[in-house]
Amino acid sequence: MIEVSHSLPVNDGTLPELSLDAMWEGLLEKARNPLPYVKAITECTIVEEFEGGLVRDVSLHGQSAREVVTFYPKELVHFVRTRGMPGTIDNKLAVDDNGDLQLTFSFRLVVPGAEVGSNEEREVADAMVADYLDAVRTTIAAVRDRVAAAV
């Protein structure tokens, strides 16, 4: 199993400064249309919407995946992979001890057919870590661009 968690401050001095509400709206948009936020995703179709979430099919590095996405307002977007590489992904908003808004991406995914700790699992993990760290940065940047355009 690959387990990674990475946090970045939402506001690093770049303007406009982003509020919790703005970031939450950005995470909701990212769940519905991840293409501007996650470079590795090239297609997304909403299969179903339900109270507090949705089900979507995505193409990630050319591989199909289905994700059940649950919204925990202004705190967490939780993704459960039900098809493709199984596991979970979290996009969490929190205020740190200094009062600064943080965005944390965490994932726990199983590489099908790979032994735990194998070179194959490490290679997949290394590529995924780079993608997910980039996704944290691009998500904050895309939300900032959206907020700036609305001003």
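The values are calculated or read from the model by the stated rules, or taken from the named source; none is laboratory data. Remember, predicted model here, so these are calculated numbers, not experimental data. Virtual Cβ from ideal backbone geometry, glycine too; neighbours counted across all protein chains shown. For the accessible areas, the whole protein counts, side chains as well, though only heavy atoms, and no ligand, DNA or RNA atoms are used. Shrake-Rupley method; radii C 1.70, N 1.55, O 1.52, S 1.80 Å.
Each Cα pair under 8 Å and six or more residues apart adds its sequence gap; the mean of these over the residue count of region 35-128 is a relative contact order of 14 percent.
Annotation: amide H-H contacts under 5 Å for V111 (H modelled 1.01 Å from N, sequence separation of 5 or more, or interchain): I2. Once both labels are positioned 7 Å from their Cα atoms along Cα-to-Cβ, the gap between V80 and E120 label points is 2.7 nm. Per residue, the accessible area of the chain comes to 54 Å², computed with a 1.4 Å probe over protein heavy atoms only.
Annotation: aspartates and glutamates with alpha-carbon distance below 12 angstrom to K74 (same-chain offsets under eight excluded): D21, E25. Of the GluC sites (Glu not before Pro) found in region 18-84, those in coil by DSSP whose Cβ has at most 15 other Cβ atoms within 10 Å are E51, E75. Backbone amide hydrogens, once placed in the peptide plane, bring N33 within less than 5 Å of nothing, excluding anything fewer than 5 places away on its chain.
Taking R0 as 35 Å, what FRET efficiency do you get between D97 and R66 from their Cβ-Cβ distance, rounded to the nearest 0.05? Calculated transfer efficiency: 0.40. The lysines within cross-link reach of K39, meaning a Cα-to-Cα straight distance under 21 Å and a gap of 8 or more places when in the same chain, are K30, K92. For the chain, the share of accessible area belonging to carbon and sulfur comes to 51 percent (1.4 Å probe, ligands and nucleic acids excluded). What separates the Cα centres of region 72-133 and region 21-35 is a distance of 17 Å. This model, with +1 at the C-beta of Lys and Arg and -1 at the C-beta of Asp and Glu, gives region 41-123 a dipole about its Cα centre of some 180 debye.
How far, in degrees from 0 to 90, does helix 20-32 lean away from the longest principal axis of the Cα atoms of the chain, to the nearest 10? The two axes meet at around 40 degrees.
Under 5 Å from the amide H of V10 lie the amide H atoms of L101, Q102, L103, each residue being 5 or more positions distant or on a separate chain, with H modelled from the backbone and absent for Pro and chain starts.
Spin-label model, T138 to R108: label points 7 Å out along the Cα-to-beta-carbon direction sit 2.6 nm apart. Straightening the chain between L35 and A150 buys 39.4 nm, computed as 0.36 nm per residue apart minus the Cα-Cα spacing.
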